[in-house]
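Only one structure is covered here, and it is reproduced in the block below.
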Amino acid sequence: MHKDLAVVTVIGEVDVYTAAQLRDHLASLLGRGARHLVLDFAGVAFIDSSGLSVLAGIHRLLSTGDRTDAGRSEPGRGTGTLALTAVNLRIREVLRTTGFTRFMPIYSTVDLAVTVHEHTA
């Protein structure tokens with residue numbers, strides 16, 4: 001596995017009560033050098049606008065490099081990716097309706113997402 005790839009298992013509901021915790025965890029991974037994130041949504045039952053906002057923000061950081069580490073902007077590091085796996089039908093429909101599926105790939109399994117990453121890296 002690549003050192004800049006992190007797989008995160010997300011469980012429960014991604015909502016106003018948990019979104020900040022997910023955002024902070026993902027930001028921590030980015031701060032430690034992860035540039036490619038695979039979020040395993042097999043255990044996620046619900047996502048609201050707060051959760052969608054976290055996904056959009058992390059995607060933006062990865063794709064544009066618009067992030068700050070220790071107060072320094074790091075332009076040009078926008079070569080990262082964010083992918084989801086094992087998304088249930090209800091959440092998949094929310095992602096489709098809100099346009100997320102246009103820029104965020106969804107794979108059936110973590111293994112498939114990692115394999116795709118390895119072949120495109």
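Bear in mind that the values in this text are calculations on the coordinates, not laboratory data. This is a predicted model, so every value here is computed, not measured. Using ideal geometry, Cβ is built from the backbone for each residue, glycine included, and neighbour counts are taken over all protein chains shown.
From the list V38, V44, the one residue that fits, being of a type outside the set (K, R) and touching a His at 6+ places or on another chain (Cβ under 9 Å), is V38. Scanning the stretch 1-45 for residues that are more than 14 Å from the chain's Cα centre (by Cα), of a type in the set (S, T, Y) and either surrounded by fewer than 16 Cβ atoms within 10 Å (Cβ to Cβ) or under 18 Å from L112 (Cα atoms) (or both) yields a single hit, Y17.
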